[in-house]
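**Student:** Pasting in a structure now, in structure tokens, and then I'll have a few things to ask.
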Amino acid sequence: MKAAILHPSLLLLLLTSLTGVCPRRPKEKYVRAGEMVALQCPGYRGYDHLDGRLIWTSHTSQEMDLTGDMSSAQQRETGVLVHGRSLVILNASVNHQGNYSCSQGNTSRKYWFKLMVYTTQTREYEEMTTHPVTCYTLESCTLTCPDVNLPAENIPNITTNGTIWHKEGESSLTASYFSSVEENDGGVYTCTRSYLYHGQIYNMTSTVKLEVQPKKKSKKLAEIISPRMSEVFPVDLGSTVVIDCQAVVYSEFDEVFWLMDDAFVKRDNSSPVFYKFNNEHNAEETKLTASLVFNKVSEEDLAKTYSCKLESESGPSSFVSITLAKKSSSLSLPLALSIVIIVMVIVLTVVGCVKFKMGNALPLQDALASYSSFSDGKSYDAFLMSYESVTDAGLNEDDRKWLERVLEDTFGYSLCRDISPGKAVEEAVLDCVQRSRMVVLVPTSSDPGPGAGMLKKIHAAFVKQQTGLVFIKTEATEARSGSLSEALLLFDKTGNCVTWRGKSSMSPCSSFWRDLRRYLPAPQHPDKSMLLSQTATQEDNC
């Protein structure tokens, strides 16, 4: 007689009635029979201080404490490996299908998993495990093997053995990077990760479906329409002066604001100098007006440079600069013209110095909205590298992927990803530093990143290669003084800092992205002729 098998939902209902605790909805995991799968137990805030060990429990054929009831030899014999918060099934079979849970010590709070093992390639399995990717014809395209159900990097005796790619319908191996993707490159690709454990190879296969679409339609670029060039405004000391900066934009997320030297001008009308904002809409475009107001012009105001800046989602940022000059009725016209010319030369010189000083922090477009060619020999806009956050408040895996996806898909930055398996990590990292215009250090608690020695070499390399740096901190790091290592202090003193504030920073329209893009270089554009005609191919996904 066959034993009755409870449906997973009935099993959870039974557990609820017996324990009095309502378990969370299981996180479903899908794996093909014969392949490796790893379950990761998340850390619970408020439970990390408990002395009790982490308990993994199997609720498949019979309930079993995998942590206490099985020795290391028994785990290897059954193809199950438990290490810390990781539960790894080396060779999945239908016997492993069912529910699993993990809990900290004797706490009743559990985290549930539901493992589904497929012996055949069913339509349901394909739908749940296929990862779609969209690229556009004649543009570069990179396929990334999804980081799903991977074992932790610190598990003893498990080492990665590289990744290979196949395209459905072709027998030979294929590449995952296309310098200029074409329509016939579309299709279904599989990436196979291999792991070596005690002399035996175990595989994990993922599916990526590439859809190649026609090149995106161009759209108009936002531009500053007034003033059109660097200007000198004659004023009387003690008078009230209003200077309007107008821009035509095509996105609700475009922004116009004023800078005083390198600082932001406030919108507080009680300040001696402030700016106020107005907008006018029609069917096709929006006119933004940022009015710079001097309540009472002083001698100090004459010595400063004011810049109207346009932050646009549809293209590179642009700006114009103005200065104030005291009126003088006793001057002759030729002398006045000479003074104006001299002042304009000084202004242009100051602007050039500011550009040179900012380096790769944020390239600025001149008043005529022309674009300079990128002649610094760099291949990529940025290189994202993780560092260990001692506060355990760094970005998790999903946040890091979101950071990369927004930079590439929303804002059009090219990121260096040339760290392939088998290539020396130090060599690959230093190569990316050399080929990138900006290094972005990202805090993380799950991926420790390079050691202190590597960070010091990277610091020396980016100084030598004139690579810019943005240093991302978390609110917890800011609140905790002395929380940075000696190696990280080198970057903290050298680079520009932005603060990650969790979920509130994820929106492309947040202050985090505005601050980060202020320091990043403008994305390199593959078609200069389109830039000169002020069109772009980047979609507005904010």
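Coordinate-derived values only; no laboratory data. Being a predicted model, the structure only gives us computed values, none of them experimental. No Cβ is skipped: glycine too gets one built from the backbone with ideal geometry, and neighbour counts run over all protein chains shown.
**Student:** Show the residues, 5+ positions off or on another chain, whose built amide H is closer than 5 Å to the amide H of Trp500.
**Tutor:** Sorted by chain and number, the residues that satisfy this are Lys473, Thr474, Glu475.
**Student:** Further question on the same structure: Which length gain, in nm to one decimal place, applies between Ser194 and Thr163 when the Cα-Cα distance is subtracted from 0.36 nm times their residue separation?
**Tutor:** Full extension of this stretch gives 10.5 nm more.
**Student:** Here is a further query. With θ set to phi - 60°, apply the Karplus curve 6.51 cos²θ - 1.76 cosθ + 1.60 along region 379-385 and write out the HN-Hα couplings as whole Hz, x wherever there is a Gly or Pro.
**Tutor:** 9, 10, 6, 8, 10, 8, 10
**Student:** When only DSSP loop residues count, what trypsin sites (Lys or Arg not before Pro) in region 222-327 have their Cβ near at most 16 other Cβ atoms within 10 Å? Before the final figure, lay out each step's value.
**Tutor:** Working: sites: Arg228, Lys266, Arg267, Lys276, Lys287, Lys296, Lys304, Lys309, Lys326, Lys327; in loops: Arg228, Lys266, Arg267, Lys296, Lys304, Lys327.
Counting only loop positions with at most 16 other Cβ atoms within 10 Å, the trypsin sites (Lys or Arg not before Pro) in region 222-327 are Arg228, Lys266, Arg267, Lys296, Lys304, Lys327.
**Student:** Give me the net charge of Asn269's neighbourhood, meaning all other residues with Cβ under 15 Å from the Cβ of Asn269; Lys, Arg count +1, Asp, Glu -1.
**Tutor:** Once positives and negatives cancel, what remains is +3.
**Student:** Residue by residue through region 116-128, what is 3J(HN,Hα) from phi via Karplus (6.51 cos²θ - 1.76 cosθ + 1.60, θ = phi - 60°)? Round to whole Hz and write x for glycine and proline.
**Tutor:** Result, rounded to whole Hz: 10, 10, 10, 8, 10, 7, 7, 5, 4, 5, 4, 5, 7.
**Student:** Could you put Arg123, Arg76, Arg405 in order, starting from the residue whose Cβ has the fewest other Cβ atoms within 10 Å?
**Tutor:** Ordered by Cβ neighbours within 10 Å, fewest first: Arg123, Arg405, Arg76.
**Student:** If neighbour count is taken as other Cβ atoms inside 10 Å, put Ile342, Ile322 in order from fewest to most.
**Tutor:** Ordered from fewest to most neighbouring Cβ atoms within 10 Å, Ile342, Ile322 come out as Ile342, Ile322.
**Student:** Mind scanning Lys276/Lys304; Lys287/Lys327; Lys304/Lys327 and naming the pairs with a C-alpha gap bigger than 26 Å?
**Tutor:** As for pairs spanning more than 26 Å Cα to Cα, those are Lys287/Lys327.
**Student:** Translational diffusion coefficient, Stokes-Einstein: compute it for region 181-262 using the Kirkwood radius over C-alpha pairs as Rh, at 4 °C and 1.567 mPa s, and state it as an integer in µm² s⁻¹.
**Tutor:** 65 µm²/s
**Student:** Amide H of Asn161 versus every other amide H placed in the peptide plane: which residues, excluding those fewer than 5 positions away on the same chain, fall under 5 Å?
**Tutor:** Result for Asn161 returns Ser194, Tyr195, Leu196.
**Student:** Would you please give the FRET efficiency between Ile339 and Ser179, computed as 1/(1 + (r/R0)^6) with r the Cβ-Cβ distance and R0 = 51 Å, to the nearest 0.05?
**Tutor:** About 0.40, to the nearest 0.05.
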